[in-house]
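Throughout, read-outs are computed from the coordinates displayed, never taken from laboratory work. Note that the structure is a prediction, hence the values are computed from the model and not measured. Cβ sites come from the backbone with ideal geometry, for glycine too, and all protein chains shown count toward neighbours.
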Amino acid sequence: MKKRVGMEVSFAAAEAVKLCNVDVVAAYPITPQTHIVERLSEYVANGELDAEFVPVESEHSALSLCVGSQAAGARSFTCTSSQGLALMNEIVYITSSMRLPMVMMLVNRSLSGPLSIWNDHSDVMSIRDCGWIQLFVKNSQEVFDHAFIAYKIAEDHNVLLPVIINFDGFILSHMFESVELMEPDVVQQYLPPYEPKYALHPDRALTMGTYGMPAVFTEAKKAQDEALLASYPHILEAWKAWGDLSGRHYHPVEEFLTKDAETIFVTLGSFGETAGEAVKALREKGHKAGLLHLRLWRPFPFDAFCQAIQGARNLIVIDRAVSFGGPGGPVASEIRSALYNKEKRPGVYSMIAGLGGRDVTVRDYMQMFESVTAGKASAYEIFGVRG
Amino acid sequence: MNDANVYAVKTLTKKEYFAPGHRSCLGCGEALAVRLVHKALGRNVITASATGCMEIVSSPFPLTSWEIPWIHVAFENAAAVAGGIEAALKVLQRKGKISDKKVSVVAMAGDGGTVDIGLQALSGAMERGHKFLYVCYDNEAYMNTGVQRSSATPFGAHTTTSPAGTVVPGQVTWKKNMPEIAVAHKIPYVATATPSYPLDLVNKIKKGIAADGPAYVHILSVCPTGWGIASEETIKFGRLAVQTGFFPLYEVENGKYKITVDFEELMPLEQYLLPQRRFRHLAEDTLGYIRGRVAEQWEELQKRSAE
């Protein structure tokens with residue numbers, strides 16, 4: 001029986017992680033991730049979740065502990081934001097190179113300094129090349145659903161890679177939204193208990209985390225890149241199976257009115273919801289606007305992306321992080337590079353917006369649209385700077 | 001005592017869990033210690049290793065020296081990784097996902113990976129009470145990167161970042177007392193050991209792994225390369241470190257101190273220090289200072305053992 005309830009998005013996230021029947025949760029508190037781990041510790045304390053909840057002394061140890069528990073065959077979970085991710089950074093790269101299929105929720109928040117607890121994507125962009133599968137979700141239901149989907153993808157023996165679920169701090173994590181819950185037996189049907197391909201145990205002596213001499217290092221990195229690229233069809237399979245079960249279908253790029261659009265906004269995360277309202281308003285005025293929400297960030301869905309923007313004259317790419325001294329926002333630069341070899345390619349306008357919790361309203365999107373379509377926008381700008 | 005130790009080793013298992021053919025230096029005291037520790041632990045163990053000499057020499061892909069399940073992740077997190085393994089075994093056994101065979105969890109790191117960069121993760125793991133044994137293989141400097149000083153480097157020692165110059169006489173800080181830091185966590189078992197006293201070492205590892213909670217064993221691992229001694233003198237210098245009171249062998253079982261290798265009279269400190277290249281520059285005033293602190297430390301330990 002499907003049950004629709006209103007709850008804080010962080011609690012929906014924790015509910016989903018509980019339904020995944022994780023074995024080990026290790027976390028260190030950081031705003032705005034806290035409500036998720038608080039709720040998980042309550043589940044463990046009340047016997048609603050049979051897991052080891054390990055309140056570690058730092059994020060570095062949170063992820064290190066999960067590496068240990070995952071390597072020993074336990075379904076492991078951690079969750080962080082901002083500085084916590086920065087402190088984990090070293091282990092983030094090692095986790096993927098060791099092919100450990102764990103799941104992390106990253107409740108996106110700005111990186112210091114200046115210190116800001118508010119939302120943007122500077123944390124996740126700092127680990128762009130970390131080798132994890134990286135997803136961006138934009139509302140409560142997507143957060144809830146993707147806990148199951150992420151483990152399904154990660155633990156697929158054809159994949160065996162860790163997955164990060166990105167969602168915006170405060171503007172999503174602390175909202176009350178409607179979510180359709182799933183029954184445990186339905187979840188279990190989709191996500192059976194974790195069967196590790198390799199696990200540390202004296203019954204089978206394995207050496208993990210070896211030292212790579214120059215003669216093997218390049219090959220190891222090539223193999224890792226191939227593994228990440230090869231995960232793509234399995235990600236689609238996991239979404240398809242979830243769609244069949246729940247009726248909610250997800251795709252690497254989500255298109256909204258893009259078919260005949262001349263100018264398309266490209267967003268990551270919950271900003272897509274507001275941008276969608278702007279597109280509707282622009283359409284009402286007769287403008288050919290569209291929206292593309294990039295749900296899968298790694299592996300980057302090049303073909304699906306290029307397909308979706310075919311025929312567009314302009315792309316307005318909203319970046320929520322600055323690549324200091326670089327040619328544009330990190331997402332915009334990537335998209336430019338993806339399009340460079342295409343014969344016909346749209347103009348790519350890199351707009352940095354919504355840094356450190358700055359709101360971006362429907363009016364702001366319309367202003368961006370006007371300046372781009374009037375030929376007044378520059379290829380790269382930090383939008384809405386005061387003074 | 002020394003003779004008994006020589007023969008006692010022969011009573012240990014012939015099985016090698018840290019296989020020969022690894023790439024450590026000639027006369028490496030640390031490799032010897034690792035070998036003995038794992039003979040004491042047997043096969044039902046999972047070891048999490050920090051980055052360092054032992055990791056580098058034992059796991060160049062596709063080779064491995066490990067006959068037991070072993071994992072290396074990074075430099076400062078061996079205790080956290082071991083904590084994760086322990087948590088996993090606990091929950092997977094509780095849920096019936098793996099057999100309930102008793103499996104011990106061990107973390108290993110050098111002095112840098114323990115007393116410097118790994119101290120936070122180690123303190124966290126001890127405080128949380130994971131049931132695991134942490135073994136610090138202390139060769140008293142960052143040997144793997146070329147003999148840089150750590151906070152476990154002894155006072156006066158020359159290293160590449162605490163050079164003995166005309167103004168500064170080598171390391172100017174006293175060795176951080178990591179066993180005492182472990183004791184302060186009120187864990188059930190803390191000990192010091194060295195492979196020059198193998199029977200003592202093996203007993204302590206067995207006690208540590210049997211303890212009901214975190215255990216910490218700090219092993220002085222003589223490093224001929226870094227210390228500037230001949231490679232065949234490893235065992236001798238390990239003994240001298242103990243016989244001069246420079247590195248006393250003791251254990252703290254549930255807060256109760258006991259000197260495990262005791263002497264009525266300590267040997268003169270110069271016999272240990274001056275033949276080593278890292279100490280040969282020591283002037284009499286520095287030696288006097290070291291002598292005073294070593295004597296003080298020995299007295300304090302004797303007092304606590306008598307309590």
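For every residue, the table says whether it meets (1) in contact with a Gly (Cβ under 9 Å, 6 or more places away or on another chain); (2) of a type in the set (Val, Ile, Thr).
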{"residue": "A:GLN310", "(1), (2)": "no, no"}
{"residue": "A:ILE318", "(1), (2)": "yes, yes"}
{"residue": "A:GLY325", "(1), (2)": "no, no"}
{"residue": "A:ARG336", "(1), (2)": "yes, no"}
{"residue": "A:PRO346", "(1), (2)": "yes, no"}
{"residue": "A:SER350", "(1), (2)": "yes, no"}
{"residue": "A:ALA353", "(1), (2)": "yes, no"}
{"residue": "A:THR361", "(1), (2)": "no, yes"}
{"residue": "A:ARG386", "(1), (2)": "no, no"}
Can you name the condition, by its number, that B:TYR257 falls short on among (1) among the hydroxyl-bearing types (Ser, Thr, Tyr); (2) in contact with a helix residue (DSSP H, G or I) (Cβ under 9 Å, 6 or more places away or on another chain); (3) in a helix (DSSP H, G or I)? (3)
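Does A:ILE133 meet the test of being under 19 Å from A:PRO330 (Cα atoms) and either over 15 Å from the mean Cα position of the chain (by Cα) or buried (at least 23 other Cβ atoms within 10 Å of the Cβ) (or both)? I'd like the intermediate steps shown before the answer.
Working: under 19 Å from A:PRO330 (Cα atoms): yes; either over 15 Å from the mean Cα position of the chain (by Cα) or buried (at least 23 other Cβ atoms within 10 Å of the Cβ) (or both): yes.
Judged against the criteria, A:ILE133 is a match.
Every residue in the range A:223-281 that is of a type in the set (Gly, Ala, Ser) and more than 28 Å from A:ASP129 (Cβ to Cβ), please.
A:ALA241, A:GLY243, A:SER246, A:GLY247, A:ALA261, A:GLY276, A:ALA278, A:ALA281
Restrict the check to the range A:311-327 and report whether at least one residue is without any contact (Cβ under 8 Å) to a residue 40 or more places away in the chain and among the charged types (D, E, K, R). Can you show your working first?
Kept after step one, since they are without any contact (Cβ under 8 Å) to a residue 40 or more places away in the chain, are these residues of the range A:311-327: A:324-326.
Restricting the remaining residues to those that are among the charged types (D, E, K, R) gives none.
No - not one qualifying residue is present in the range A:311-327.
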Assigned to a helix (DSSP H, G or I), polar (S, T, N, Q) and exposed (fewer than 14 other Cβ atoms within 10 Å of the Cβ): which single residue out of A:THR274, A:THR218 fits that description? A:THR218
Here is a list of conditions, (1) farther than 20 Å from B:ARG293 by Cβ; (2) surrounded by fewer than 21 Cβ atoms within 10 Å (Cβ to Cβ), and B:LEU274 meets all of them except one; can you say which number that is? (1)
Counting only residues that are crowded, with 20+ Cβ neighbours inside 10 Å and under 20 Å from the mean Cα position of the chain (by Cα), the range B:145-170 contains a total of 8
Anything in the range A:1-28 that is under 25 Å from A:ALA86 (Cα atoms) and either more than 14 Å from every other protein chain (Cβ to nearest Cβ) or in a strand (DSSP E or B) (or both)? List them, or say none. A:VAL9, A:SER10, A:PHE11, A:ALA13, A:ALA14, A:VAL17, A:VAL24, A:VAL25, A:ALA26, A:ALA27
Restrict the check to the range B:128-137 and report whether at least one residue is more than 17 Å from the chain's Cα centre (by Cα), buried (at least 24 other Cβ atoms within 10 Å of the Cβ) and farther than 25 Å from B:LEU249 by Cβ. yes
When A:ASN46 is run through (1) touching a residue at least 60 places away in the same chain (Cβ under 8 Å); (2) away from chain B (no Cβ under 11 Å), the failure sits at (1)
Residue match in the range A:210-224 (condition: over 30 Å from A:GLU48 (Cα atoms), more than 10 Å from chain B (Cβ to nearest Cβ) and touching a residue at least 60 places away in the same chain (Cβ under 8 Å)): yes
I want to confirm something. Restricting to the range A:32-65 and keeping residues that are under 18 Å from the mean Cα position of the chain (by Cα) and not in a helix (DSSP H, G or I), which single residue is farthest from A:LEU200 (Cα to Cα)? A:PRO32
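Out of the residues in the range B:49-67 that are among the β-branched types (Val, Ile, Thr) and closer than 20 Å to A:SER64 by Cβ, state the one that is surrounded by the most Cβ atoms within 10 Å (Cβ to Cβ). Explain how you work it out, then say what you get.
Going through the range B:49-67, the residues among the β-branched types (Val, Ile, Thr) turn out to be B:51, B:56-57, B:64.
Of the ones still in play, those that are also closer than 20 Å to A:SER64 by Cβ are B:51, B:56.
On the way: B:THR51: 23, B:ILE56: 15.
Within the range B:49-67, the match that is surrounded by the most Cβ atoms within 10 Å (Cβ to Cβ) is B:THR51.
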